[in-house]
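The values are calculated or read from the model by the stated rules, or taken from the named source; none is laboratory data. Keep in mind it's a predicted model, so treat the numbers as computed, not measured. Virtual Cβ from ideal backbone geometry, glycine too; neighbours counted across all protein chains shown.
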Amino acid sequence: MQGTPFVEFEVQKSISGTKDSKGRNCIANTLPKLRWTKTVGRVVRRAGFSPYWIVRSTSPPAKKVTIVMYHSVHPNPGRAAVSPEAFRRQITFIKKNYAIRRLSEIDNILLNEELSDRTVVITFDDGHLDFMEFAFPVLKELGVPCMIFVPTRHIAEINHSQETMMNGSHFRYLAHQELIGFGSHTVDHVNLRQAPRREIERQTIESKMQLEDLVQYPVKDFAYPYGAYSLEIKEILQAAGYERAVSTRWGTLNSYQERMALRRIFFEETDQDSDLRAKIEGDYDWFALLEAAGSILEMFRMIIRGAANLQRQT
Ligand SMILES: [Zn+2]
């Protein structure tokens, strides 16, 4: 459908986007720490070279829409968490320098709008409880909209099964907040690439119905747990009525053609204003090349594994 075939073999990342499904550190988490990579990226970008030319068979008209992915905002920052101070600094910086829009507007933006300036969209994955205490007050104060992708089994829970996640009463409260949108993150936060078709359908259809019950409007947004998707999964999502889906592929340009696997970026605790700007404006977009290389390696690994299995059976 869209993109080159090997993009579908994206190396899977965990909830945090920092480790893959086997717990190995992901390239995208290690490289921003090497400051020289930003300079290289900036030179490459200003020279007019786009890594997307290589990772895409065709180059769909992409627009400067940066989708930021957060997970947790917590006084003990670490894997997938930034501190409340860093979060306030980051959101304040974005608010001051860019137009912030809702994810639900992105189809229209990508299809119809002539963007003169870069646009930023804020998303949160998983529904961590600390959103209520540390993130929402800042978003509300600054009038910044965001979308929360939630595994819906938490919505049914009155008391938390895990006390670090939001429960039904939190979601019901947030459903009435004008700034907050909700999208599905499956029912059980499953890796859809490892699930059979019927389970993929159940996870996507059931979670959509549960969310719609909560918010009382059609839910059309989805985030792939572990960033794991395939052509088949995208088609199942569209058949279920989803219109957009976000991945964990790194990138600051998005196109309507790739609306079922939109690219996102993330920030780290130590990112200063110049780092935030560099990430938002695409100085690290050459990560896409590394992700594509990782995807090719993953594809070879699958082929070799398949061949070994076949040999064992014969
Ligand atoms: Zn997740």
Name every residue in the stretch 170-213 that is assigned to a helix (DSSP H, G or I) and charged (D, E, K, R), in order of residue number.
Arg172, Arg193, Arg197, Arg198, Glu199, Glu201, Arg202, Glu206, Lys208, Glu212, Asp213
Taking Thr92 as the residue in question, decide whether it is surrounded by fewer than 17 Cβ atoms within 10 Å (Cβ to Cβ), among the hydroxyl-bearing types (Ser, Thr, Tyr) and not in a loop (DSSP other than H, G, I, E, B).
yes
Scan the stretch 150-172 for residues that are closer than 18 Å to Asp213 by Cβ, in contact (Cβ under 8 Å) with a residue 12 or more places away in the chain and away from the ligand (no atom under 16 Å from the Cβ) and report the count.
5
Exactly one condition in (1) more than 21 Å from Thr248 (Cα to Cα); (2) in contact with a strand residue (DSSP E or B) (Cβ under 7 Å, 6 or more places away or on another chain); (3) among the hydrophobic types (A, V, I, L, M, F, W, C) is not met by Leu110; state its number.
(1)
Looking only at residues that are more than 16 Å from the ligand (Cβ to nearest atom) and touching a residue at least 60 places away in the same chain (Cβ under 8 Å) in the stretch 112-124, which one is nearest to Asn167 (Cα to Cα)?
Val120
For the stretch 214-239, give me the residue count where each residue is within 20 Å of the chain's Cα centre (by Cα) and outside any loop (DSSP other than H, G, I, E, B).
14
Candidate set: the stretch 81-105, residues that are among the hydrophobic types (A, V, I, L, M, F, W, C) and touching a Phe, Trp or Tyr at 6+ places or on another chain (Cβ under 8 Å); chosen: the one nearest to Thr164 (Cα to Cα)
Val82
Residues of the stretch 46-62 satisfying the condition of being in contact with a helix residue (DSSP H, G or I) (Cβ under 6 Å, 6 or more places away or on another chain) and modelled with pLDDT of 75 or more
none
Output the number of residues of the stretch 237-262 satisfying the condition of being of a type in the set (A, V, I, L, M, F, W, C), more than 16 Å from the ligand (Cβ to nearest atom) and under 22 Å from Trp286 (Cα atoms).
3
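Conditions (1) out of contact with any Leu (no Cβ under 8 Å at 6 or more places or on another chain); (2) over 16 Å from Ser72 (Cα atoms), marked per residue:
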residue	(1), (2)
Val150	no, no
Tyr173	yes, yes
Asn191	yes, yes
Met209	yes, yes
Phe222	no, yes
Would you point out the residue of the stretch 206-253, among those that are in contact with a Phe, Trp or Tyr (Cβ under 7 Å, 6 or more places away or on another chain) and among the aliphatic types (A, V, I, L, M), that is surrounded by the fewest Cβ atoms within 10 Å (Cβ to Cβ)?
Val215
Looking at the stretch 125-149, I want the residues that are within 18 Å of Leu211 (Cα to Cα) and among the small types (Gly, Ala, Ser) and have a partner that is within 15 Å of the ligand (Cβ to nearest atom) and not in a loop (DSSP other than H, G, I, E, B) with Cβ atoms under 9 Å, at least 6 apart or on another chain. Which pairs are those?
Gly127/Ile148; Gly127/Phe149; Gly127/Val150; Gly127/His154; Gly127/Met165
For the stretch 271-314, which residues satisfy the criterion of being among the hydroxyl-bearing types (Ser, Thr, Tyr) and within 22 Å of Ala99 (Cβ to Cβ)?
Ser274, Tyr284
Among the residues of the stretch 240-260, write down those that are within 11 Å of the chain's Cα centre (by Cα) and over 15 Å from Ser184 (Cβ atoms).
Thr248, Arg249, Trp250, Gly251
Can you pull out the residues in the stretch 189-236 that are free of Cβ contacts under 8 Å to residues at least 40 places away in the same chain, in contact with a Lys or Arg (Cβ under 8 Å, 6 or more places away or on another chain) and either among the aliphatic types (A, V, I, L, M) or within 16 Å of the ligand (Cβ to nearest atom) (or both)?
Val219, Ile236
Of the residues that sit in the stretch 139-169 and are crowded, with 19+ Cβ neighbours inside 10 Å and not in a strand (DSSP E or B), which one is modelled with the highest pLDDT?
Leu139
